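The values are calculated or read from the model by the stated rules, or taken from the named source; none is laboratory data. No experiment lies behind these values; they were computed from the predicted model shown. Areas reflect the complete protein model, heavy atoms only, side chains present, ligands, DNA and RNA absent. Shrake-Rupley method; radii C 1.70, N 1.55, O 1.52, S 1.80 Å.
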Amino acid sequence: MVLAAGCIGQSAAPTATPTALTAPSLAAPSVEPSAQPAATPEPVATPEPTAEPPTETPTVPPASGEPGASAQAGSAAACTGTAANRDFFAKVAVAFDWPVYCAVLPARWSVASGSYRSAGGGRMEIAYNGPGGARFELHEGAFCDLPEGCVPNGPDAGTAAFGDLSGTLVTGDDGSYAVVVDRGKARSWLAVGVGLDLDTFKGFAAGLVLVE
């Protein structure tokens, strides 16, 4: 009995030694840096030199629609428009050494736009709007460098007054009328009427006032 017990004790099953499992190593993917485009500086604009120094070009304020009150002939106070419009003409007359004219128009006419520029001998341009789409324009000074004087296309039709000046009447092919003084010269005077009959236009042109 003692012997058998000893044999039993020697025949015990061997204990299995567990094998350690090694996790496979995962290599980190190699990421090549993407090529960054080189920054290209934007071109810087270089201002071109101007042929002449900048000059003031004021704009005539819109008028209220009422003509200016009657005043002494020859003064800016006689010009159609608001007080600001009349002040504009007074400044233009002082700025230039050539005659400046403004329109004296009936009710329902008003200043639409206007400006002047002192460079190149100086020029003044202004437009008036009237009833029914009618328009009356003045261009004075060195506003045109073309031999034909920048008048509407059409035949000459004799002479007509431009204020106290005598000019050439032009009947435009488009139904407009014009009176031009000293056409093609360095300084000239031009009145243009659109949507007006001939007699009304000639009356407006003859009634122009010299601003002093």
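Residues whose amide H comes within less than 5 Å of that of PHE143, counting only those at least five positions distant or on another chain, are SER188 (H built at 1.01 Å from N in the peptide plane). Inter-part distance, the stretch 125-152 to the stretch 165-212, computed on C-alpha centroids, equals 8 Å.
For ARG135, the solvent-accessible surface with a 1.4 Å probe is about 80 Å², rounded to the nearest 10.
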